[in-house]
1. Considering only the other residues whose Cβ falls under 13 Å of the Cβ of residue 44, what net charge follows from Lys and Arg at +1 and Asp and Glu at -1?
2. Assuming R0 = 56 Å, what is the FRET efficiency of residue 16 and residue 109, from their Cβ-Cβ distance, to the nearest 0.05?
3. Set the Förster distance to 22 Å, then compute FRET efficiency between residue 38 and residue 6 from the Cβ-Cβ distance, nearest 0.05.
4. Accessible area per residue, 1.4 Å probe, Å², for the chain: what's the number?
5. Angle between the Cα long axis of helix 440-449 and the longest principal axis of the chain, 0 to 90 degrees, nearest 10?
6. Local charge sum around residue 428 (other residues, Cβ-Cβ under 9 Å, Lys/Arg +1, Asp/Glu -1)?
7. On the protein heavy atoms, probe 1.4 angstrom, tell me the percent of accessible surface of region 96-235 carried by carbon and sulfur.
8. Take residue 407 and residue 335, extend 7 Å from each Cα along the Cα→Cβ direction, and tell me the distance between the two endpoints in nm.
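The values are calculated or read from the model by the stated rules, or taken from the named source; none is laboratory data. Predicted model, so just to flag it, every value in this text is computed and none were measured. Positions of Cβ are generated from backbone atoms using ideal geometry, with glycine treated the same way; all protein chains shown enter the neighbour counts. The accessibility values were calculated without ligands, DNA or RNA, using every heavy atom of the protein model including side chains. Shrake-Rupley method; radii C 1.70, N 1.55, O 1.52, S 1.80 Å.
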Amino acid sequence: MALSGIAIYKMLPQTNCKECGHPTCLAFAMKLAARQAELSACPYVSDETKAELDSASAPPVRLVTLGGEERALEVGNETVVYRHDKTFVHQPGLFYRLGDDLSDDEFAAQVDEIAAYEIERVGMQLRPDGIAVEYRSGSPEVFAAKVKKAVDAGLAVILLCSDTAAAEAGLKAAKGSRPLIGATNEGSAEDLVALAKEHGASLIVSGADGDLEKLATLAEAMKEQGVEDLVLDPGTRDWADSLAALVSMRRAAIKKNFRSLGYPVITFPGEGTDSLEEETMLASQFVNRYAGLIVLDHYDPASLYSLLTLRQNIYTDPQKPIQVSPGVYEIADPKPESPLLVTTNFSLTYFSVAGEVEAGGRPAWLLVVDSEGMSVLTAWAAGKFDAERIAKSVNSNGLPDKLGHRRIIIPGFVASISGELEEELPGWEIMVGPREAIGIPSYLSQVASA
Ligand code: SF4
């Protein structure tokens, strides 16, 4: 049962020392009750009350960790239903299901391709998380060898298996990689519970066939048997039922503090669809609403790229725009005569502009002004990208000493500030560049040949 802010306040030291970042203990207590703060922010809570407060302030969706140290994946620990309330915290893990009945060469080739997939987007590295190895071969040894291959590739593993001997062999092969084990919608055998406990694995709770009350009962039973790290499979597979189930589970966990459904959810979009495209769309639904793990059946780089991009967007804190550090960026070893462009420090803007300057193949200086993470037009409208700020940034970054000219190229969208900028930067020529980053290469080649 969740405690009220006042009840939590009575357990706090009540010294109002502010070390938690809140002006008073009461303010901190209110934030804890609203699940908008972590108890660990107060260093003075006694051990005695910690246990009680811990359970009251613990995130309503349990944190479950999979994978080895190198590629650890944390899922769950969510505290809100809507992203705009705060932020979604742990992005869903993207896994690919491979049967252990594939030939060794085919299995290894697919694992290696998935492990090697990595792209950079707005300064972040994006990659899939792991392999769900499904027991189909009938041979525990073969299953264990395939699990080991996936673990050795550095990926997190899910062992889809209800056979006790194969599960034990697979768990031994996955030693040290915090695997998840269970069967898809068949019900989990008691033996698996014992094996999960013995090997420190997380366990899939399945067999509810869309009945969330049954799922909660199954989860309670597993917890009573000593497995804390559970992942729930509601058993729904199609679009509408899955959406309804995942929304109900998230709301029950967060709004009602219903702990029996407060675990990450595993989904299998390939089981509810007939093609790669549909699977990708259903997986997108799960990224948005509220999967912890998504097990895909079709590996395709284009599909993966779209899911990684969506996942990145949804799991970015909406209150904190992704920013790059303000300053001067040197592109392709610029010389004093190279052109100077200016833009804002919103990551997407910076990477678009920098990418197009690079694509143009000409050295340039790129001045990134602190616009508090806003894009060009938004920052201009908010007064965060005006002539005064740009001029200050030019001077504070020592550009007059670095450059052998006095020309600055401003984004086409803020052409209207060129007059003011001339006043702020006497003796400088203000050039109006293209509105869109894509026009930069041709603009720079025109400037170079002028
Ligand atoms: Fe109160 Fe602890 Fe915050 Fe200090 S750190 S104000 S004692 S809640």
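1. -1
2. Efficiency, from the Cβ-Cβ distance: 0.35.
3. With R0 = 22 Å, the Cβ-Cβ based efficiency is 0.65.
4. 45
5. 30
6. Here the count lands on -1.
7. Working: 2500 of 5720 Å².
C and S fraction of accessible area: 44 percent.
8. Result for the modelled spin labels: 1.4 nm.
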